[in-house]
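The values are calculated or read from the model by the stated rules, or taken from the named source; none is laboratory data. These figures come from a predicted structure and were not determined experimentally. Here the Cβ is made from the backbone with ideal geometry for all residues, glycine too, and neighbour counts use every protein chain on show. When the accessible area is computed, the model is the full protein with side chains, heavy atoms only, and any ligands, DNA or RNA have been set aside. Shrake-Rupley method; radii C 1.70, N 1.55, O 1.52, S 1.80 Å.
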Amino acid sequence: MSTNARDAGALAPPLDYLDQRTGLAKVLKEFSRKIFPDHWSFLLGEIALFSFIVLLLTGTFISLFFVPSMDEVTYSGPLATMQGVEMSKAFDSTLHLSFEVTGGLLMRQMHHWAALIFIGAIVVHMFRIFFTGAFRKPREINWIIGFTLLILGLAEGFSGYSLPDDVLSGNGLRITDGVVKSIPIIGSYLSYFIFGGEFPGQHIIPRLFTVHILLVPALILGLIGLHLFLVVLQKHTQFPGAGRTNKNVVGYPIFPVYAAKQAGMFFIIFGVLALMGATMTINPVWNYGPYDPSPISAGAQPDWYMLFLEGALRLTPGFLEVVIGGYTLSLNILIPAVVVPGLLFTSMALYPFIESWASGDKREHHVLDRPRNAPVRTALGYSLLSVFLVLVLAGTNDIIATHFSLSIEAITWTFRVLIFVLPVVTFTVAKRVALGLQRKDREMVLHGHETGKIVRFDTGEYIEVHQPLDEEERWLRVQHEPRRPIPLLPAQNERGVRRPGYRRDAIRSRVSRFFYADRVEPVTPAELAAAQAHGGHDEISASQHDAPELTATREGSSAG
Amino acid sequence: MKAIAARRHHRFAPVVLLALALLTTGVLYAAFTPGPAQAASAPTQDDLTAGNNLFRANCATCHGMNAQGRPGVAPSLIGVGAAAVDFQVSTGRMPLMNQGAQAPAKPVIFTEEQIRQMAAWVASLGPGPAVPAPEEVDPAKGDAAQGMELFRTNCAMCHGAVGQGGALTNGKYAPNLGKASPTTIYEAMVTGPQSMPVFNNATITPQEKRDIIAYLQAQKAGSPGGVTLGSIGPVSEGLWAWLLGIGALIGAAVWIGAKSS
Amino acid sequence: MSDESTEVGLPVEQHALPQRFENPGLPEHHPRLTDVDDGAAKRSERIVVVLFMLSALGTIGAIVAYFTVPPGATIASIRLSTMLIGFGLAATFIFAGAASVHWSKSLMNDHEKIEYRHPMVSDTETREQASEMLADGMSDTGLSRRGAIKGAMITAVALAPLGFAVPLIGSVGGDWDISKFRHTMWKKGLRLTHDPTGRPIKASDVTIGSAVHVIPEGLNKLEHPLDEKSKAMVLVIRLDPRDLHEAPDREGWSYEGIVAYSKVCTHVGCPVALYEQRTHHLLCPCHQSTFDISNGAKVIFGPADRPLPQLPITVDTEGYLVAQSDFHEPVGPSFWERLK
């Protein structure tokens, strides 16, 4: 808003000062009214970003009182259940921070809640990107950066969770040590590398402290910067809709609308976390006591984002441990803790490249997919989520057992079966649902809304009156481009010579058919005209439902 | 003391010493294995008869008329002591309603008087741990910090860090100790009901038992951090982070993203 | 949807229609209530002002709570202090956030604007110029003619990190003596004592059905007791000797039904400690490996593969439980060279 007192071209004094020294006005001109599209799901990444800022703020507060040392001291604070107990300085200072620093417990609890929500929001954000196809060209690099941020988030969470040196997180470190030792050839040395000698040693807390407050946060900050820079550079994607194309972006300017909404979102996140920190106990280390290798408590679980690993470890049967030539290969640990997560994460990281290879699509995409319009992608996403869900539930099997009066063994066996069956079932159902929704879209475009009005013709025939869609409604349902499998060229050229690269093409064609063979294509203007030409009275006749355009086709001889 | 010192070279001294040693051992043994004699008030013959009648009516079907037990059905109760009866009956675990993975706590169907009588009768069958006296289970006489160290070494692996309970094999479980009375906790330690190991007075001394009771009593003050979320650790924290935290924040995002009317 | 249907089933004149629908363009702007009704706009303005004021009050509340409600020394007072400061902070931010969002939604200009995108790829001319410049730069280095420099440079650059990495890796693992995995402090004649008190244990005190958590005598006097405890901790259990099935090579490792097993899980090292005295099952709470104590601690369920190592025990002349020797195998999780 310009003020009437100043003449139109002048900048406010501080901006003028900066512009004369940095050319700031050019940046302001470029960015202050930059357009961002508006959709609630575009704020999921912000939940992660702003909880990270809360993490930095509360983390700075608590790091001022935390002592990352494993030297032993005797407790003498206010807590009756710890009087005279020997503990490390790390644990002692955590208790001091919690009970003697005014506001300390609030900050600690906010920090931990923010950590859980930070990683949760990353996951939700990532699946929004996945289901809407926002990872497609030119955003593959940003997908990889986001994926790296997820991994760093897990590392940051795990290293912070272990810092108070309590029994629960100490047993988590012990499990980590066990997993590390299972790695062939270098495992034992890797354990020494991490712990500075034998577990637990005197070094792990200070080392994790450096990792937690220096190395990983620096990497996260840097990558967040890069992540956001690319969002600005490539401009945000937008959902399909009237007036939105691959060549424009429709929305509101950063200043003031988007800035106000962003600030509002940040404040609300900060406020919700403060409310949680004020009223809900999290990680009550005073219940677990200082680390000692001997005790353990029922309900020994890591924070939620590590539960899938815990679940995988619980599900894998022991007989997989083998001895080869006198060397022990603990496949019962390697498979669940290294191989399975490795495969899951690698396939997630590489997905954009796999899909673009399968589709052969090298164009830029800025308009998002509706998840139903990419049935196989959507089904793969749900399938992955179902694996994750089974693993998380398997990681909580003892809690499920006590709360639902079941036996741990029965639960474990059920999950051992489900881990193989559920992803397949989920994939099939999700794909069918997506195709079904696409058919419903076609139905709507061709025949309009059902009005519930029944009309009787002179001939005695009854029909329901359908109201055609308006242009914008129809556009939403027909805007997507049909995706078809890549046709496979014959193995021999016209002279009967075997074509080089045929095998690779054959594999690619098979993958492409997996993705795109089953499909429902959007209504074309010709089809709509044909449907309307059929006359206004037989929209609901049974023969329409058998018409070829309403059924998904298995790709036949004629390639699309 | 001078008199003793003067006679210490007497030729009967070894005999007296031996007798004293035996006596001390006997007394200590009696102290460490609480016998029926320690019960609050000595049972009368009427109590024993009433207890026997109650037993025949309510327990003998499974445990046998003389509490000798029936293999594969119910254990012998000879020598389990009054503490075992008091624990099982006053928490409603016995009589058993139906065979399951383990006997759950239920509403109690006997009066305190009846329980005392049954306990007295079972205690009369053979020596076993008695119902503890009030000062043996007085949390005020225990050290909660000592109790914390003992609890987490001996109890927390099954009952959880603050006694919230946990799962065992094949549908069995360690119950929540939140509502267990100090007497019940003590009796469970000395008798080792169902899956629970026995913690006799040599493994956990009577003072240590009071420390543990004091620690559990201290949990009644709740958590300094606010609501406890069931004290079952990161699983409930994760669940609430999703339901409440992420739920509320997605709600906020939807509000921010929605067009104003 | 197959191609035939569009081409075969339709009247000829409809081939004139385009293959795809046209984007109808941005829908027209619908004014909000606050755009057309001055009263509504004034109301919204008032709401925003009130929300910002409530936020300021929240801050004052948090500061007042900080000075007037210190944590004190009881659970209840710590809870109260935490809660009040937290409520102040939450009010500050939630009200400010709500004000900001409400302002932007109801009062700021809500006409959607369009910005045009440009392809990410640079135009041909720029690409050519860039490639030319790089080629010029390369030819300036003369590397194509002076191959020796290239090799030398790659060698130097590849080796350079080692000067940093070698001292780091060399120092970070302590003495790198992984043979320590194989030994614990248990040795012949060392007494078994209670964890954590260190009280020695008489065999006669371990009654049937008891489970006793054990550390070696003198453990608490070590400089770093936890390092040794994480390997040497043991669970002592007494079974009815009739229930105990001992392997022939382990006869004499128990004492009158008293057995001692390592408490470190052979899966990934959690303390295995959930002993069920009726079934003699020992359950690990971390991943539910279940060991049968009556049968050499054999695995009967879960992800562990190997039985828990057994500590051979006996009694000394005073009747206290003592170890016969160290464990006969490394305790805890498997590792690559475990059997070497």
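Give me a count of the residues in region A:448-460 that are among the acidic types (Asp, Glu) and farther than 24 Å from A:Leu528 by Cα. Talk me through it step by step, then tell me what you get.
If we filter region A:448-460 for residues that are among the acidic types (Asp, Glu), which is where we start, we get A:450, A:458.
Remaining after also requiring farther than 24 Å from A:Leu528 by Cα: A:458.
Count: 1.
Answer yes or no: is there a residue in region A:40-54 that is assigned by TED's automatic domain parsing to the domain that holds A:Ala134, open to solvent by 40 Å² or more (accessible area, probe 1.4 Å), assigned to a loop (DSSP other than H, G, I, E, B) and not charged (D, E, K, R).
no
Just the residues that are out of contact with any Gly (no Cβ under 6 Å at 6 or more places or on another chain), surrounded by fewer than 22 Cβ atoms within 10 Å (Cβ to Cβ) and of a type in the set (Phe, Trp, Tyr), please, taken from region A:192-217.
Scanning region A:192-217 gives a single hit, A:Phe209.
Kindly evaluate A:Asp19 against the criterion of being within 14 Å of chain B (Cβ to nearest Cβ) and open to solvent by 20 Å² or more (accessible area, probe 1.4 Å). Working first, answer last.
On the way: within 14 Å of chain B (Cβ to nearest Cβ): no; open to solvent by 20 Å² or more (accessible area, probe 1.4 Å): yes.
In short, no.
Looking at B:Gln207, B:Gln217, which is the one that is surrounded by fewer than 22 Cβ atoms within 10 Å (Cβ to Cβ), part of a helix (DSSP H, G or I), touching a residue at least 40 places away in the same chain (Cβ under 8 Å) and away from chain A (no Cβ under 13 Å)? Steps first, answer last, please.
Values: B:Gln217 fails: away from chain A (no Cβ under 13 Å).
Within the list B:Gln207, B:Gln217, the selection yields B:Gln207.
Mind checking which helices (runs of 4 or more DSSP H) fall wholly inside region B:56-150 and carry at least 1 residues that are of a type in the set (Phe, Trp, Tyr)? Steps first, answer last, please.
Values: elements: B:60-63, B:81-90, B:112-123.
Helices (runs of 4 or more DSSP H) meeting the threshold: B:81-90, B:112-123.
For C:Ala273, work out the one condition from (1) touching a helix residue (DSSP H, G or I) at 6+ places or on another chain (Cβ under 7 Å); (2) touching a residue at least 60 places away in the same chain (Cβ under 8 Å); (3) assigned by TED's automatic domain parsing to the domain that holds C:Lys202; (4) open to solvent by 10 Å² or more (accessible area, probe 1.4 Å) it doesn't fulfil.
(4)
Would you mind telling me which numbered condition in (1) touching a Pro at 6+ places or on another chain (Cβ under 6 Å); (2) surrounded by 19 or more Cβ atoms within 10 Å (Cβ to Cβ) A:Pro485 fails?
That leaves (1) as the condition not met.
Within region A:308-335, work out how many residues are within 7 Å of another protein chain (Cβ to nearest Cβ), in a helix (DSSP H, G or I) and more than 21 Å from A:Thr414 (Cα to Cα). Working first, answer last.
Keep residues of region A:308-335 that are within 7 Å of another protein chain (Cβ to nearest Cβ), which gives A:313-314, A:316-319, A:321, A:323, A:326-328, A:330, A:332-333.
Remaining after also requiring in a helix (DSSP H, G or I): A:313-314, A:318-319, A:332-333.
If we keep only those that are more than 21 Å from A:Thr414 (Cα to Cα) too, we end up with none.
Adding up the residues that qualify gives 0.
Would you point out the residue of region C:228-258, among those that are part of a loop (DSSP other than H, G, I, E, B) and over 41 Å from the mean Cα position of the chain (by Cα), that is farthest from C:Ser325 (Cα to Cα)?
We begin by selecting, within region C:228-258, every residue part of a loop (DSSP other than H, G, I, E, B); these are C:233, C:239-240, C:244-247, C:251-254, C:256-257.
Subsequent filtering for residues that are over 41 Å from the mean Cα position of the chain (by Cα) retains C:240, C:251-252, C:256.
On the way: C:Asp240: 24, C:Glu251: 14, C:Gly252: 12, C:Glu256: 18 Å.
Across region C:228-258, the extreme among qualifying residues is C:Asp240.
Quick check on my filter: what residues within region A:111-169 are of a type in the set (Lys, Arg) and outside any helix (DSSP H, G or I)?
To start, the set of residues in region A:111-169 that are of a type in the set (Lys, Arg) comprises A:128, A:136-137, A:139.
Listed by number, the residues that qualify are A:Arg136, A:Lys137, A:Arg139.
On the given criteria, is B:Ala248 touching a residue at least 60 places away in the same chain (Cβ under 8 Å), facing chain A (nearest Cβ under 7 Å) and surrounded by fewer than 21 Cβ atoms within 10 Å (Cβ to Cβ)?
Values: touching a residue at least 60 places away in the same chain (Cβ under 8 Å): no; facing chain A (nearest Cβ under 7 Å): yes; surrounded by fewer than 21 Cβ atoms within 10 Å (Cβ to Cβ): yes.
Judged against the criteria, B:Ala248 is not a match.
Would you please name the residue that is nearest to A:Ala374 (Cα to Cα), looking only at residues in region A:393-434 that are within 8 Å of another protein chain (Cβ to nearest Cβ) and outside any helix (DSSP H, G or I)?
A:Thr396
Does B:Gln117 meet the test of being touching a strand residue (DSSP E or B) at 6+ places or on another chain (Cβ under 9 Å) and either open to solvent by less than 60 Å² (accessible area, probe 1.4 Å) or of a type in the set (Ser, Thr, Tyr) (or both)?
Working: touching a strand residue (DSSP E or B) at 6+ places or on another chain (Cβ under 9 Å): no; either open to solvent by less than 60 Å² (accessible area, probe 1.4 Å) or of a type in the set (Ser, Thr, Tyr) (or both): yes.
When the stated conditions are applied, B:Gln117 does not pass them.
Which of the residues that make up region A:167-180 are in contact (Cβ under 8 Å) with a residue 40 or more places away in the chain and at the interface with chain C (Cβ under 7 Å from one of its Cβ atoms)?
Result: A:Asn171, A:Arg174, A:Ile175, A:Gly178, A:Val179.
Looking at region C:5-40, which of its residues are assigned to a helix (DSSP H, G or I) and at pLDDT 90 or above? Give the steps one after another, and end with the answer.
Initially, region C:5-40 is screened for residues assigned to a helix (DSSP H, G or I), giving C:5-8, C:12-16, C:33-36, C:38-40.
Selection gives C:Leu33, C:Thr34, C:Asp35, C:Val36, C:Asp38, C:Gly39, C:Ala40.
Would you call C:His118 touching a residue at least 24 places away in the same chain (Cβ under 8 Å), over 30 Å from A:Val272 (Cβ atoms), surrounded by fewer than 16 Cβ atoms within 10 Å (Cβ to Cβ) and not polar (S, T, N, Q)?
Working: touching a residue at least 24 places away in the same chain (Cβ under 8 Å): no; over 30 Å from A:Val272 (Cβ atoms): yes; surrounded by fewer than 16 Cβ atoms within 10 Å (Cβ to Cβ): yes; not polar (S, T, N, Q): yes.
Taking the combined requirement at face value, the residue does not satisfy it.
Where in region C:57-164 are there helices (runs of 4 or more DSSP H), lying wholly inside it, with at least 1 residues that are more than 38 Å from the chain's Cα centre (by Cα) and at the interface with chain A (Cβ under 7 Å from one of its Cβ atoms)? Walk me through it before giving the result.
Working: elements: C:75-106, C:124-141, C:147-159.
Answer list for region C:57-164: C:75-106.
Taking A:Arg377 as the residue in question, decide whether it is open to solvent by less than 10 Å² (accessible area, probe 1.4 Å), in a helix (DSSP H, G or I) and among the basic types (Lys, Arg).
On the way: open to solvent by less than 10 Å² (accessible area, probe 1.4 Å): yes; in a helix (DSSP H, G or I): yes; among the basic types (Lys, Arg): yes.
Yes: the conditions hold for A:Arg377.
Is it the case that A:Asp71 is open to solvent by 30 Å² or more (accessible area, probe 1.4 Å), farther than 24 Å from A:Gln262 by Cβ and away from chain B (no Cβ under 14 Å)? Step through it out loud before you land on a result.
Details: open to solvent by 30 Å² or more (accessible area, probe 1.4 Å): yes; farther than 24 Å from A:Gln262 by Cβ: yes; away from chain B (no Cβ under 14 Å): yes.
The answer is yes for A:Asp71.
Output the number of residues of region B:168-183 satisfying the condition of being open to solvent by 20 Å² or more (accessible area, probe 1.4 Å) and either within 16 Å of B:Phe151 (Cβ to Cβ) or of a type in the set (Val, Ile, Thr) (or both).
7
So which residues in region B:75-94 are surrounded by 17 or more Cβ atoms within 10 Å (Cβ to Cβ) and closer than 28 Å to A:Ile408 by Cβ?
B:Ala84, B:Phe87, B:Gln88, B:Thr91, B:Arg93, B:Met94
Mind checking which pairs have a first residue in region A:430-458 that is buried (at least 19 other Cβ atoms within 10 Å of the Cβ) and a second that is of a type in the set (Ser, Thr, Tyr), Cβ under 6 Å, 6 or more apart or different chains?
A:Ala430/A:Thr378; A:Ala430/A:Tyr382; A:Ala434/A:Thr378
Could you please give the count of residues in region B:120-163 that are touching a strand residue (DSSP E or B) at 6+ places or on another chain (Cβ under 8 Å) and free of Cβ contacts under 8 Å to residues at least 40 places away in the same chain? Talk me through it step by step, then tell me what you get.
Initial filter on region B:120-163 (touching a strand residue (DSSP E or B) at 6+ places or on another chain (Cβ under 8 Å)): B:153-154, B:157-160.
Now restrict to residues that are free of Cβ contacts under 8 Å to residues at least 40 places away in the same chain: B:153, B:157-159.
Qualifying residue count, region B:120-163: 4.
Where in region A:189-307 are the helices (runs of 4 or more DSSP H), entirely inside, with at least 1 residues that are within 7 Å of chain C (Cβ to nearest Cβ)?
Counting at least 1 such residues, we get A:216-234, A:259-279.
What about B:Ala67, is it at positive phi, crowded, with 19+ Cβ neighbours inside 10 Å and over 17 Å from the mean Cα position of the chain (by Cα)? Don't jump to the end; show me each part of the working.
Numbers: at positive phi: yes; crowded, with 19+ Cβ neighbours inside 10 Å: yes; over 17 Å from the mean Cα position of the chain (by Cα): yes.
Judged against the criteria, B:Ala67 is a match.
For region B:176-202, enumerate the residues that are without any contact (Cβ under 8 Å) to a residue 12 or more places away in the chain and among the β-branched types (Val, Ile, Thr).
B:Val198, the sole residue that qualifies.
Among the listed residues C:Gly174, C:Gly198, identify the single one that is open to solvent by less than 70 Å² (accessible area, probe 1.4 Å), on the phi > 0 side of the Ramachandran plot and within 14 Å of chain B (Cβ to nearest Cβ).
Details: C:Gly174 fails: within 14 Å of chain B (Cβ to nearest Cβ).
After ruling out the rest, the residue left standing is C:Gly198.
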